[in-house]
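For reference, the structure discussed in these notes is given below.
The values are calculated or read from the model by the stated rules, or taken from the named source; none is laboratory data. Only a predicted model underlies this, so the values are computations on that prediction, with no experimental measurement involved. Every residue, glycine among them, receives a Cβ derived from its backbone with ideal geometry; neighbour counts consider all protein chains shown. Side chains are part of the model used for accessible areas, which takes the heavy atoms of the whole protein and leaves out ligands, DNA and RNA. Shrake-Rupley method; radii C 1.70, N 1.55, O 1.52, S 1.80 Å.
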Amino acid sequence: IEFSGLLHASYLVQYAVAAMAGKPIESNEEARGFGANVFFWGRCLVSLAILGFCFAVTFEALFSEQTTLWSGVPPSAAIVVWVALMCVVGMLEGMQI
């Protein structure tokens, strides 16, 4: 999965947090060459495109009420539930559960 770059959008979050903290990212690996840099950032862009597509499909399904959520739940509430569940999944992933 690492080579495919499917989850490389998380590196962008890492770089953003490090920039906001004002701290450099330390690595034991040697610096990437030009070709490796192009390949890395290309995978980051593909990962962002896939993530954007996933968000678009999910929100479209939630707004058009094409989900298995209870009938009568407004789309805005469905999005709040979805975001809350994604936060829980993210916290569980962070705790390696």
Worksheet item: Among Gly42, Gly72, Gly52, whose mean-square fluctuation peaks in a Gaussian network model of the chain (Cα, cutoff 10 Å)?
Response: Gly72
Worksheet item: When percent of Cα pairs over 20 Å apart is calculated directly from the model, which label among (1) 56; (2) 71; (3) 53 fits?
Response: (1)
Worksheet entry | Relative contact order (percent, whole number), segment 1-57, Cα cutoff 8 Å, 6+ residue spacing | 57 percent
Practice prompt. Write down the accessible area per residue of the chain in Å², having rolled a 1.4 Å probe over the full set of protein chains.
Written response: 80 Å²
Worksheet entry | Accessible surface of the chain, 1.4 Å probe, proportion on carbon and sulfur as whole % | 70 percent
Practice prompt. Return the calculated 222 nm mean residue ellipticity for the chain, to the nearest 500 deg cm²/dmol, obtained by summing -39500 (n - 2.57) across DSSP H runs with n ≥ 4 and dividing by the residue count.
Written response: -22500 deg cm²/dmol
Item to complete: Quickly work out the Leu7-to-Val83 label distance, labels modelled 7 Å from Cα along the C-beta direction, and quote it in nm with one decimal.
Response: 2.4 nm
Worksheet, complete the sentence: Scoring the chain by relative contact order with C-alpha pairs under 8 Å, at least six apart, yields a percentage of 28 percent
